[in-house]
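Novice: Could you have a look at this structure, given as structure tokens, before my questions?
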Amino acid sequence: MDLYLEIIAVVLGLGYLFFLIKEKIICWAFGILGSLVSIFLFYRTGLYSESILYIYYVLIGIYGFFHWKKSLSANKQLPISDFSLQTYAYLIILGEILSLLLAYFFDVYTNASMPYLDAHTTIFSFIASYLEAQKKLASWKFWIVINAVTIFLYAKRDLNLYTILTLIYLVFSFVGYFQWKKKLLPKIAVTPHS
């Protein structure tokens, strides 16, 4: 049964990523459904932080859908944007602090598998997902690192299809980054310098 659910989650995850790169609102439906399946699977394998992460993915999927829909209702697409190095630094420091706190909790109070690595991928995925819903180019930069680390995490837990999916996510994180950057650059080029 787990293998079939993993296959379903992988197919939904690929659909999500494909439509996200294309900036299609249907991506959120794929993401929500795939996340619901994943919650159950990660709980069964002892990756509790990942289960929490996928609960968050359901919530951010709902938020993303309505946030993007609001822009479409106003007859304009939510624009891709980015932010300063200072904001990057702030997010990394915040993510590191929250990761260590979550890891400590799971290390001390549960039988979680690899709590420190799991907590880091979870917290930084929270950050990247929110940035994704805001159409921030930075989301792809975070995903590149997160996906690279997550490949190792899933492989260690013998989640073979999720490992392959995350490898595909890693490749498409680069694709998404360059696609969104290409759309952002013309806006930057026409902005007057101050």
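The values are calculated or read from the model by the stated rules, or taken from the named source; none is laboratory data. These figures come from a predicted structure and were not determined experimentally. Every residue, glycine among them, receives a Cβ derived from its backbone with ideal geometry; neighbour counts consider all protein chains shown.
Novice: If you scan segment 24-56, which residues turn out to be surrounded by fewer than 23 Cβ atoms within 10 Å (Cβ to Cβ) and over 18 Å from L153 (Cα atoms)?
Specialist: K24, I25, I26, C27, A29, F30, I32, L33, L36, V37, I55, Y56
Novice: How many residues are in contact (Cβ under 8 Å) with a residue 60 or more places away in the chain and surrounded by fewer than 18 Cβ atoms within 10 Å (Cβ to Cβ) when one looks only at segment 86-112?
Specialist: Qualifying residue count, segment 86-112: 2.
Novice: Which pairs have Cβ atoms under 7 Å, sit 6 or more apart or on different chains, and link a residue in segment 124-138 that is under 13 Å from Y177 (Cα atoms) to one that is part of a loop (DSSP other than H, G, I, E, B) and aromatic (F, W, Y)?
Specialist: Hits for this filter: K136/F83; A138/F83.
Novice: Please verify whether segment 74-85 includes one or more residues that are part of a helix (DSSP H, G or I), out of contact with any Gly (no Cβ under 9 Å at 6 or more places or on another chain) and touching a residue at least 24 places away in the same chain (Cβ under 8 Å).
Specialist: There is no residue in segment 74-85 that is part of a helix (DSSP H, G or I), out of contact with any Gly (no Cβ under 9 Å at 6 or more places or on another chain) and touching a residue at least 24 places away in the same chain (Cβ under 8 Å).
Novice: Is it the case, given these coordinates, that L17 is touching a Lys or Arg at 6+ places or on another chain (Cβ under 7 Å) and surrounded by 22 or more Cβ atoms within 10 Å (Cβ to Cβ)?
Specialist: Here the answer is no, as L17 does not meet what is asked.
Novice: Right, another one. Pull up segment 134-168, narrow it to residues that are modelled with pLDDT under 90 and among the aliphatic types (A, V, I, L, M), then point me to the one that is surrounded by the fewest Cβ atoms within 10 Å (Cβ to Cβ).
Specialist: Only one residue tops the list, namely L161.
Residue by residue, here is whether (1) at positive phi; (2) part of a helix (DSSP H, G or I); (3) touching a Ser or Thr at 6+ places or on another chain (Cβ under 9 Å) holds:
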| position | (1), (2), (3) |
| --- | --- |
| Y88 | no, yes, no |
| T121 | no, yes, yes |
| S125 | no, yes, yes |
| D158 | yes, no, yes |
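Novice: To continue, here is another question. Can you find a residue in segment 92-101 that is hydrophobic (A, V, I, L, M, F, W, C) and within 27 Å of V171 (Cβ to Cβ)?
Specialist: yes
Novice: Among the residues of segment 71-85, is any charged (D, E, K, R), touching a helix residue (DSSP H, G or I) at 6+ places or on another chain (Cβ under 8 Å) and more than 29 Å from N111 (Cβ to Cβ)?
Specialist: yes
Novice: Going through segment 108-136 one residue at a time, which ones are of a type in the set (F, W, Y) and more than 10 Å from the chain's Cα centre (by Cα)?
Specialist: Y109, Y116 - these are the residues of segment 108-136 that are of a type in the set (F, W, Y) and more than 10 Å from the chain's Cα centre (by Cα).
Novice: F65 - would you say it is over 22 Å from K135 (Cβ atoms) and more than 14 Å from the chain's Cα centre (by Cα)?
Specialist: no
Novice: Determine which single condition L3 fails, assuming it passes every other condition in (1) more than 19 Å from the chain's Cα centre (by Cα); (2) within 23 Å of Q179 (Cβ to Cβ); (3) assigned to a helix (DSSP H, G or I).
Specialist: (2)
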